[in-house]
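Worksheet for the structure shown next.
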Amino acid sequence: MTEISFDSLIDGKPVAIDVDGTSVCVARVGEEVFAIADTCSHSDASLSEGEITGTKIECWLHGAEFDLRTGEALTPPATSGLKVFNVERIGNQVKITN
């Protein structure tokens, strides 16, 4: 489990954090927070360096898009989805677990 401050997250700007030894892409979209595996399923690229549009994140390397809510691969070249992590927000604290 990893805890971060909600206020430290910038709306629409993903960040990579470590959750129990796994790199996780954390994204704030409005008042919601999402957490998915940080490595694109198509290539060894960090999704936390990508761009967010709505609840989608685009891999900066080849343009594959993923749904932040479900981890589903939405566009090629990615064909497989990503692990989604549990997110619990209590006030200003956000807990992320496997």
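The values are calculated or read from the model by the stated rules, or taken from the named source; none is laboratory data. Please read all numbers here as calculations on a predicted model, not as lab measurements. We place every Cβ from the backbone using ideal geometry, glycine too, and count neighbours over all the protein chains shown. Just so you know, the surface numbers come from the protein's heavy atoms only, side chains and all, with ligands and any DNA or RNA stripped out. Shrake-Rupley method; radii C 1.70, N 1.55, O 1.52, S 1.80 Å.
Residues of the range 47-98 being under 10 Å from the mean Cα position of the chain (by Cα) and assigned to a strand (DSSP E or B), which ones? 52, 56, 57, 66, 67, 84, listed by residue number.
Per-residue answers, yes or no, for (1) open to solvent by less than 10 Å² (accessible area, probe 1.4 Å); (2) of a type in the set (Asp, Glu):
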| position | (1), (2) |
| --- | --- |
| 8 | no, no |
| 11 | no, yes |
| 16 | no, no |
| 31 | no, yes |
| 56 | no, no |
| 68 | yes, no |
| 72 | no, yes |
| 82 | no, no |
| 86 | no, no |
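Cβ contacts < 7 Å: first residue in contact (Cβ under 8 Å) with a residue 24 or more places away in the chain and among the aromatic types (Phe, Trp, Tyr), restricted to the range 42-63; second residue open to solvent by less than 20 Å² (accessible area, probe 1.4 Å) and not in a loop (DSSP other than H, G, I, E, B), any location; separation 6+ or different chain. Result? Final answer for the pair search is none. When residue 3 is tested against (1) open to solvent by less than 50 Å² (accessible area, probe 1.4 Å); (2) of a type outside the set (Gly, Ala, Ser); (3) in a strand (DSSP E or B), just one condition goes unmet, and that condition is (1).
When the range 18-29 is filtered for residues that are open to solvent by 10 Å² or more (accessible area, probe 1.4 Å) and not acidic (Asp, Glu), the ones remaining, listed by number, are 21, 22, 23, 28, 29. The residue of the range 33-54 that is nearest to residue 85 (Cα to Cα), among those that are open to solvent by 60 Å² or more (accessible area, probe 1.4 Å) and of a type in the set (S, T, N, Q), is 39.
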